[in-house]
């Protein structure tokens, strides 16, 4: 290979490495995230709103012996089944979240409105 070309690659990769170090330094400790997948965007959106439980969901949570921290963990780790959700329903979208905790699979139905998100139901997945 040409010595000039090797020198250019060296400069390129050296600058690239310095850029990565600077980027890591500036983003360290910040709540920066890359939530570009549809699942991640919806879950982040749900997490920013007031979260309430429907009376039915409260009974189900109690029956399943879950606490609010576990429910939040289930939502945070969830995958959304868009084929069984009604994301464009007006005025509030309905989302079916699939998640697991302690090797038990759960299905959560959440109504996502403008100012609040409501857990409508939670049950063990079949």
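Here are some notes:
- Among all positions in region 29-43, there is no residue which is out of contact with any strand residue (DSSP E or B) (no Cβ under 6 Å at 6 or more places or on another chain), loosely packed, with under 11 Cβ neighbours inside 10 Å and modelled with pLDDT of 90 or more.
- Residue 48 vs. criteria free of Cβ contacts under 8 Å to residues at least 40 places away in the same chain and either surrounded by fewer than 15 Cβ atoms within 10 Å (Cβ to Cβ) or out of contact with any helix residue (DSSP H, G or I) (no Cβ under 9 Å at 6 or more places or on another chain) (or both): yes
- Qualifying residue in region 53-60 (condition: in a helix (DSSP H, G or I), touching a strand residue (DSSP E or B) at 6+ places or on another chain (Cβ under 7 Å) and free of Cβ contacts under 8 Å to residues at least 24 places away in the same chain): no
- Any pair with Cβ under 7 angstrom, 6 or more apart, that starts in region 99-126 at a residue that is modelled with pLDDT under 90 and ends at one that is part of a strand (DSSP E or B): 125/98; 125/105; 125/106; 125/107
- Residues (surrounded by fewer than 15 Cβ atoms within 10 Å (Cβ to Cβ) and within 11 Å of residue 49 (Cβ to Cβ)) located in region 93-123: 113, 114, 115, 116
The values are calculated or read from the model by the stated rules, or taken from the named source; none is laboratory data. Here the structure is a predicted model, which means the values were calculated and not measured. All Cβ positions, even for glycine, are placed from backbone atoms using ideal geometry, and neighbour counts span all protein chains on display.
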